[in-house]
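Okay, structure first, notes after.
The values are calculated or read from the model by the stated rules, or taken from the named source; none is laboratory data. Note that the coordinates shown come from a computational prediction; the quantities given were computed from them, not determined experimentally. Here Cβ is always computed from backbone atoms with ideal geometry, including for glycine, and neighbour counts include all displayed protein chains. The accessibility values were calculated without ligands, DNA or RNA, using every heavy atom of the protein model including side chains. Shrake-Rupley method; radii C 1.70, N 1.55, O 1.52, S 1.80 Å.
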Amino acid sequence: MILHLLADGEFHSGSNLSVELGVSRTAIWKHLSSLSDVGLELISVKGKGYRLTRPIELLDASTIRAKLSGQVNSLVSTLTVHDQLASTNTYLIEQAKLDSPSGSICLAEHQSAGRGRRGRNWVSPFGCNIYLSVLWRFQEGPSAISGLSLAAGVAIVRALKAANIDGIGLKWPNDIYWQGHKLGGILVEVSGESNGPISVVTGIGLNLYMPEKQAQKIDQVWTDLEKVSQSPVSRNHLTALLLDHLLPVLNQFSVNGIQVYLDEWRSYDCLKDQNVTVFIGNETLTGTAEGIDDNGLFRLRGEDGKIKSFASGEISFNSKSYGYPG
């Protein structure tokens, strides 16, 4: 693959690339021309060749597994890295139909149709961020996994803390924030019987480095870990940390439920006491965020002073008034 040669960010001549890959110069040019389609920018200098505008760290399944703790490695059934998928969640949903087991893990360098909640597009340039999905099977019905996205959020914050990244907040029900800027998100999708068993695909999208050209496609305030940490973050290392913290949560959720994560989630809550707007279908409600109840539902104190709880909905808030936990 040509990107394995270009990943170092150094110049490579067309003739050397042709020899290394055993294809014609014309084929090399076609490959290079297609890189912009997946969000990669290329520099061409006569007499020197071609290089990426910056090095990229390609994901490697064996490297990631070698970094996992022994206990977590035992929970992994398969771990695959794909150059490109429409969506890692979509891929594992299809694998679940083929009886793939719990602990099936999928990563992609690029998503051509990455998805957030409610079908929103997730900008997914090649080799820049983490697009990760995990399949887990539960014998109980959907009610048994109520609040799973909140528990997954706690796992992600723990992983980021282990990478020495602090000041992370959680926005109910599934967003990862840093100082009022969206850093990532969680997408939990369930299929199966109403009384069980069910298969659950938990997807994580996390911004490590977002190229400026790709960022123009994002319609909300955002950030990436390179801005947060002021230095590059290893994609393989962070992926292993995410799995080290997420897989035990999935493995124990049938026993623990949301209750053991409530206090920790509340400590990361970046909406608490903020003036917010809640969108439920065609209805719009304004008020003050009052955190979550013991079932993980969002609590809103309305302008009449009464508190209502919500199991779903979209919430907006003024990021300028945002105060991050800790």
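Of all residues being part of a loop (DSSP other than H, G, I, E, B) and in contact with a helix residue (DSSP H, G or I) (Cβ under 6 Å, 6 or more places away or on another chain) in region 164-195, which is farthest from Leu250 (Cα to Cα)? Just the residue, please.
Within region 164-195, the first condition is being part of a loop (DSSP other than H, G, I, E, B), and the residues that meet it are 164-167, 172-174, 179-180, 193-195.
Filter once more, keeping what is in contact with a helix residue (DSSP H, G or I) (Cβ under 6 Å, 6 or more places away or on another chain): 165, 173-174, 180.
Numbers: Ile165: 23, Pro173: 17, Asn174: 16, Gly180: 28 Å.
In this case the residue turns out to be Gly180.
Quick check, is Gly49 under 17 Å from Ser133 (Cα atoms) and open to solvent by less than 50 Å² (accessible area, probe 1.4 Å)? Taking the combined requirement at face value, the residue does not satisfy it. Within region 18-28, does at least one residue satisfy the condition of being surrounded by fewer than 14 Cβ atoms within 10 Å (Cβ to Cβ) and within 23 Å of the chain's Cα centre (by Cα)? No, region 18-28 contains no residue that is surrounded by fewer than 14 Cβ atoms within 10 Å (Cβ to Cβ) and within 23 Å of the chain's Cα centre (by Cα).
Val72 satisfies every condition listed in (1) at pLDDT below 95; (2) within 23 Å of the chain's Cα centre (by Cα); (3) aliphatic (A, V, I, L, M) except (1).
Candidates in region 110-142 are the residues that are under 12 Å from the mean Cα position of the chain (by Cα), open to solvent by less than 10 Å² (accessible area, probe 1.4 Å) and not small (Gly, Ala, Ser); of these, the one that is nearest to Phe253 (Cα to Cα) is Val134. Considering (1) of a type in the set (S, T, N, Q); (2) open to solvent by 50 Å² or more (accessible area, probe 1.4 Å); (3) touching a strand residue (DSSP E or B) at 6+ places or on another chain (Cβ under 9 Å), the lone condition that Ser13 does not fulfil carries the number (2).
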